[in-house]
1. Mind checking which pairs have a first residue in segment 39-62 that is free of Cβ contacts under 8 Å to residues at least 60 places away in the same chain and under 11 Å from PHE75 (Cα atoms) and a second that is aromatic (Phe, Trp, Tyr) and assigned to a helix (DSSP H, G or I), Cβ under 7 Å, 6 or more apart or different chains?
2. Residue check, ARG52 against (1) of a type in the set (Lys, Arg); (2) closer than 28 Å to GLY18 by Cβ; (3) at pLDDT below 85, all met but one. Which one?
3. Count, please, the residues in segment 98-129 that happen to be assigned to a helix (DSSP H, G or I), among the basic types (Lys, Arg) and surrounded by 10 or more Cβ atoms within 10 Å (Cβ to Cβ).
4. Would you confirm, using the coordinates I've provided, whether ALA80 is over 19 Å from ARG22 (Cα atoms) and hydrophobic (A, V, I, L, M, F, W, C)?
Amino acid sequence: MGDERQKDGKTEALRRGGVLNRHAERVSDAQFAEGQFFDARDLVQVKYEMLRKVRAEGASVTEAAGAFGMSRFSFYQAQAAFEQTGLPGLTPKKPGPRGRHKLTPEVLAFVREELAKDPSPEMRELLDRVQERFGLRVHQRTIERALSDAKKKPRTATERNARALRD
């Protein structure tokens, strides 16, 4: 009973960490079947061992990918990520776009022009103008953050060091 609770706790921790292997049952490598150290639910561990199997033991990519419940494509993705950033590269990235992909410099320039004409338009009206001009639906907070970030003066390394010495 205690062992089951521990496994459920670990599963939940892996889920919260974004590294739960949703297809742990596909892992057939002998190491994962033998003992308690290797855990097929830990996606980072599974990917690392898959890469190690090819590099250190000379297994073929097809053989290793199959034994760890992955595709060859997944192997090559993991290999590239590991080579580029090490172990953290094996952690899955959050899905979806990164950054303000809709708020291009052109759209931001348009917003600034509109604000120069009328410094206090209703946000709904400003969003409607952006949609009319560019065909984009942009969230209010996206524009607010971009304008706020633009007001912040980026500091040089010298300015940061001087401030650190003062503090």
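1. Partner pairs satisfying both residue conditions: MET50/PHE75; LEU51/PHE82; VAL61/PHE75.
2. Evaluating ARG52 over (1) of a type in the set (Lys, Arg); (2) closer than 28 Å to GLY18 by Cβ; (3) at pLDDT below 85 leaves (3) as the failure.
3. 2
4. On the way: over 19 Å from ARG22 (Cα atoms): yes; hydrophobic (A, V, I, L, M, F, W, C): yes.
Criteria met by ALA80.
Residue-by-condition table, conditions (1) without any contact (Cβ under 8 Å) to a residue 40 or more places away in the chain; (2) not basic (Lys, Arg):
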| residue | (1), (2) |
| --- | --- |
| ALA67 | no, yes |
| ALA81 | yes, yes |
| GLY86 | yes, yes |
| PRO92 | no, yes |
| GLU106 | yes, yes |
| ALA109 | yes, yes |
| LEU115 | yes, yes |
| SER120 | yes, yes |
| ARG133 | yes, no |
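The values are calculated or read from the model by the stated rules, or taken from the named source; none is laboratory data. Because the structure is a prediction, the values reported are computed rather than measured. Quick reminder, even Gly has a Cβ in these numbers, built from the backbone with ideal geometry, and neighbours come from all protein chains shown.
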